[in-house]
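Visitor: Pasting a structure here, questions to come.
The values are calculated or read from the model by the stated rules, or taken from the named source; none is laboratory data. Just so we're clear, the structure is a prediction, and the values are computed from it rather than from any experiment. Don't worry about glycine lacking a Cβ; one is built from the backbone with ideal geometry, like all the others, and counts go over all protein chains shown.
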Amino acid sequence: MAQSVYAEDIAAKLQYLCRQFRIPGEIVRYRRISNGHINETYYAAVRAGNEEKAYLIQRVNTYVFRNPVGVMHNIELITKHIMDKERPLERRRRLHFHHTADGNNYVILKNGEAVLPEHTVTDWAQMGGAEFWRLCNFIESAVSFERAEGNAEVLTKAGMAFGRFNRLLGDFDAGQLVEPIPHFHDTAYRLKRFFAAAERDEFNRVKEVLPEIALIREHAAFGSSLGAKIRTGELPLRVTHNDTKTNNVLFDRDTREPLVIIDLDTCMPGLICHDFGDSVRFAACAKAEGRSGGLRLDLPLFHAYADGYLSEMRGLLTDAEIRSLPEGAAVITLELAVRYLGDYLTGDKYFRGGRPGQNLDRARAQLSLFEDMMKHMEDMHAVCE
């Protein structure tokens, strides 16, 4: 099919992609889903005879994911491993990516036509404007929560969902996975880049953030401590999700029971405490009183999430991993603050904000949360142990 057929007609492009993924029938309605920040996603309802099914059709952002074939390799292995462990009834609510006639769970469009994949390409910049698409089932009767909104029950169930995800992959060899974003949670690497950016000060902004830089420098050794425990063998590498926000858990609309974990693009070998910690950072916090834009740890919500997570994982984790969970929350919070502040120092090129100084405000909010976590480290350890 020539590009001119659907270059300006997304409906025709989506129908063409359905054909490539061997989906029978015709698209009867579609819409773009706008709540994702990275990939371009469409909902499509397809009717074949008297039966109608819904799908998500997604164009992967190949600027963020330079090796999208590797991303889909990871997803294929992970979803199959989970499916093989689930009961048949549970499989009806699982995440499933459809395949082409060539057996691939993606389609590459170049010059308006599907082309055979180039498996050796690990940097998509070499592909000359090609598009990378995938298609998965749309899970009906499901809802997600942008935040737990102080709801301890939702947070406990989110903890159970991510714990179950990690447990089902507990016997999976993480070495089979590629690293879709190099150095993603390599805090020592991110700190090194941050201090180098502060030294360059190309936008003359360092003078505005000297207290923040001093705080980060004070805790740099702590921020690098978890990575060091990988090298010594104290903490094992496991399959980690690396985006464990509550909005990546789908819940049953009626029962509010967790159904499935979505958004598997950043799955890779990593530390369990990073996954645990990112959920805490995202959901078990509240605005600090009397501190504009500041955040504080909400210990009851932390307790709720930890209870849910450990109900699934306590028998699998080593003692060292359990001890690392609270530290993971603090380290991941410091790491995000470093990323926000580093982006501010280098011209706000990665985290694009809606107003000047937004990345600075984001960094300060994370740093206030980090400080509060450090004050409550013993309390968090008491909950987990």
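Visitor: In the stretch 196-224, how many residues are assigned to a loop (DSSP other than H, G, I, E, B) and among the basic types (Lys, Arg)?
Guide: Number satisfying all stated conditions: 1.
Visitor: Can you name the number of the only condition in (1) crowded, with 16+ Cβ neighbours inside 10 Å; (2) at pLDDT below 90; (3) touching a strand residue (DSSP E or B) at 6+ places or on another chain (Cβ under 6 Å) that residue 145 fails?
Guide: In the conditions (1) crowded, with 16+ Cβ neighbours inside 10 Å; (2) at pLDDT below 90; (3) touching a strand residue (DSSP E or B) at 6+ places or on another chain (Cβ under 6 Å), residue 145 misses (3) alone.
Yes or no, residue by residue, for (1) buried (at least 16 other Cβ atoms within 10 Å of the Cβ); (2) acidic (Asp, Glu); (3) not in a loop (DSSP other than H, G, I, E, B):
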| residue | (1), (2), (3) |
| --- | --- |
| 189 | no, no, yes |
| 192 | no, no, yes |
| 226 | yes, no, yes |
| 239 | yes, no, yes |
| 243 | yes, yes, no |
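Visitor: Also, I was wondering about something else. Would the stretch 355-377 turn up any residue that is crowded, with 22+ Cβ neighbours inside 10 Å and either in a loop (DSSP other than H, G, I, E, B) or not assigned by TED's automatic domain parsing to the domain that holds residue 184 (or both)?
Guide: Looking through the stretch 355-377, none of the residues is crowded, with 22+ Cβ neighbours inside 10 Å and either in a loop (DSSP other than H, G, I, E, B) or not assigned by TED's automatic domain parsing to the domain that holds residue 184 (or both).
This table checks each residue for (1) modelled with pLDDT under 95; (2) closer than 29 Å to residue 175 by Cα.
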| site | (1), (2) |
| --- | --- |
| 283 | yes, no |
| 315 | yes, yes |
| 324 | no, yes |
| 357 | yes, no |
| 375 | no, no |
| 381 | no, no |
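Visitor: Tell me which of these residue 308 doesn't satisfy, since it passes every other one: (1) more than 18 Å from residue 369 (Cβ to Cβ); (2) small (Gly, Ala, Ser); (3) surrounded by fewer than 16 Cβ atoms within 10 Å (Cβ to Cβ).
Guide: (3)
Visitor: Inside the stretch 148-162, can you point out the residues that are of a type outside the set (S, T, N, Q) and either touching a Leu at 6+ places or on another chain (Cβ under 9 Å) or without any contact (Cβ under 8 Å) to a residue 40 or more places away in the chain (or both)?
Guide: Matches in the stretch 148-162: 148, 149, 150, 152, 155, 159, 161.
Visitor: Could I ask something else about it? Quick one: residue 165 ticks every box in (1) touching a Leu at 6+ places or on another chain (Cβ under 9 Å); (2) outside the structural domain of residue 12 (by TED's automatic domain parsing) except a single one, so which number is it?
Guide: Result: residue 165 passes all but (1).
Visitor: Right, here's the next one. Can you name the residue in the stretch 1-23 that is touching a strand residue (DSSP E or B) at 6+ places or on another chain (Cβ under 7 Å) and modelled with pLDDT under 95 and is also nearest to residue 247 (Cα to Cα) among such residues?
Guide: 11
Visitor: A further question on this structure: Show the residue pairs that are 6+ apart or on different chains and have beta-carbon atoms under 7 Å apart, the first residue being within the stretch 101-112 and of a type in the set (A, V, I, L, M, F, W, C), the second being surrounded by fewer than 15 Cβ atoms within 10 Å (Cβ to Cβ).
Guide: 101/22; 108/115
Visitor: I'd like to know if the stretch 76-90 contains one or more residues that are polar (S, T, N, Q), modelled with pLDDT of 85 or more and within 19 Å of the chain's Cα centre (by Cα).
Guide: Checked the stretch 76-90: at least one residue is polar (S, T, N, Q), modelled with pLDDT of 85 or more and within 19 Å of the chain's Cα centre (by Cα).
Visitor: Pick out the one residue from 249, 260, 331 that is among the hydrophobic types (A, V, I, L, M, F, W, C), modelled with pLDDT of 90 or more, surrounded by fewer than 23 Cβ atoms within 10 Å (Cβ to Cβ) and in the same structural domain as residue 374 (by TED's automatic domain parsing).
Guide: Checking each option against the conditions leaves just 260.
Visitor: Please indicate, with yes or no, whether at least one residue in the stretch 102-115 is outside the structural domain of residue 10 (by TED's automatic domain parsing), crowded, with 16+ Cβ neighbours inside 10 Å and hydroxyl-bearing (Ser, Thr, Tyr).
Guide: no
Visitor: Are any residues in the stretch 180-189 in contact (Cβ under 8 Å) with a residue 12 or more places away in the chain and within 18 Å of the chain's Cα centre (by Cα), and if so, which ones?
Guide: Correct list: 180, 181, 184, 185, 186, 187.
Visitor: Taking residue 347, is it in a helix (DSSP H, G or I) and assigned by TED's automatic domain parsing to the domain that holds residue 215?
Guide: Here the answer is no, as residue 347 does not meet what is asked.
Visitor: Condition first: farther than 26 Å from residue 141 by Cβ and at pLDDT 90 or above. Can you find one or more residues in the stretch 31-52 that meet it?
Guide: Scanning the stretch 31-52 turns up no residue that is farther than 26 Å from residue 141 by Cβ and at pLDDT 90 or above.
Visitor: Tell me, which residue of the stretch 277-304 that is touching a Pro at 6+ places or on another chain (Cβ under 9 Å) and not in a loop (DSSP other than H, G, I, E, B) is farthest from residue 157 (Cα to Cα)?
Guide: 277
Visitor: Which residue, of 199, 208, 212, 234, is out of contact with any helix residue (DSSP H, G or I) (no Cβ under 8 Å at 6 or more places or on another chain), modelled with pLDDT of 95 or more and acidic (Asp, Glu)?
Guide: Exactly one of 199, 208, 212, 234 is out of contact with any helix residue (DSSP H, G or I) (no Cβ under 8 Å at 6 or more places or on another chain), modelled with pLDDT of 95 or more and acidic (Asp, Glu), namely 199.
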